Amino acid sequence: MITGHWEVVVVGGRIAGACTAWALAPYAERVLVLDASRPTAFWPQQSTWDRSGNLAWAELGLLDTVLACGAPRTYGDTQRIGEDVVERVYPREDAYSYRMSVPREVLDPALLAAACGRGNVTVRRPARVRDRTVDAGRVRGVTVRHGSVDSEVTCDLLVLADGRLSRNAERVGATAYRVVESPWFALLAYYENLPLPTDRSYFSLQDRSVLISTPCGDKQWCVALDLHQSLIDETGRHPARSFERMVRDDPLLGPAVAVGRRTTSIGGAGRMRMLRRPMSGPGWCLVGDAGYHLDPVTAQGTRAAVVTARLLRDRIAGAGRVAGADLTGLTDERDAALDDDWAYTEQIVRA
């Protein structure tokens, strides 16, 4: 049974939610994570980060968990811009100076398992929040549907980590105050046994498209394509067909995928909105995409999720416990911490 009182209820058990449960567990007796997906769900999504992301994982205490996912570290890349090819080596500033890319169906369960390893974190899935309880203007709990049964749960803090389309954010009054429409369509698929280096990535920047190949596991690669909507409209092709054609016609990837094998379907989404919502309010907090969604074209979303979880952790740690912690000012703190990522992504989106 999940009825009763929990210091923290986290809605969403993926990167942001799992990281938050992990980070807040030392300051609570009981943490409940509610996730709407099933444990066996496949997510055609990739998580990628560079040195700044490695530092963020380390600050949260989860870098070892991430490294255990088995993705190779890359120390450079090959860039094809038009017909010109440039070989790059990343600066070796310290032990964090590398890039990693991990499939979400590998990374997310690893993070959730780490959170459960704290001993006081309980996960229920599939579980959905049907309503929230408000008393004197403050969120005090939620109604949870799990196993066809509705349960009333109270909490000191409700953390929403349920993504950019979060309905719960609207329920608590967290209306977006900045929105940028994106013209990009992002697609990806996974391949195995490609005759490509495992210590470097590949980027092909062409007219209104970016094609990326990154090693992400044992004999596994993620191939991703960002397509501008104007190119889709101009060609009239379904995005998945454009993906297959552009991979096949690429002078580096074409011969490689002809030797290897695609192991998943082609997944993707398009015309996503960048948005900012308030990070905190009376009895609630938003982490990850629920409060701060960056277009995936610049691969900054993972770092944003980890940074927001850390900011909340630091505020709770300063108070020593969840109940009564002052969360005012977190929105400005988050926006300042991620301003460079937002500005860079918005520049690409509007180009």
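The values are calculated or read from the model by the stated rules, or taken from the named source; none is laboratory data. For clarity, every value in this text was computed on a predicted model and none was experimentally measured. Using ideal geometry, Cβ is built from the backbone for each residue, glycine included, and neighbour counts are taken over all protein chains shown. Just the protein is used for accessible areas: all its heavy atoms, side chains included, with ligands, DNA and RNA removed. Shrake-Rupley method; radii C 1.70, N 1.55, O 1.52, S 1.80 Å.
Remark: relative contact order (the chain) = 23 percent; criterion is Cα-Cα distance under 8 angstrom and separation of 6 or more residues. Using only side-chain charges placed at the Cβ, +1 for Lys and Arg and -1 for Asp and Glu, the dipole size of the chain relative to its Cα centre rounds to 920 debye.
The loop-placed trypsin sites (Lys or Arg not before Pro) in the stretch 8-92, going by DSSP, that have at most 11 neighbouring Cβ atoms within 10 Å of their Cβ come out as R92.
Calculated mean residue ellipticity, 222 nm, the chain: -9000 deg cm²/dmol, from DSSP H runs (n ≥ 4) at -39500 (n - 2.57) each, averaged per residue and rounded to 500.
Between 0 and 90 degrees, the angle of helix 51-60 with respect to the longest Cα principal axis of the chain falls at about 20 degrees.
Quick one: angle between helix 339-350 and the longest Cα principal axis of the chain, in degrees between 0 and 90, rounded to 10, please. It is inclined by approximately 50 degrees. Beta bridges per DSSP, both residues in the chain: antiparallel share near 75 percent. The length gained on full extension between V259 and D135, counted as 0.36 nm times the residue separation minus their Cα-Cα distance, comes to 38.5 nm. Shape class for the stretch 182-253, computed from the alpha carbon gyration tensor (a ≥ b ≥ c): prolate, with a/c not under 1.5 and a/b above b/c.
The mean accessible area for residues of the stretch 1-159, using a 1.4 Å probe and ignoring ligands and nucleic acids, is 45 Å² per residue.
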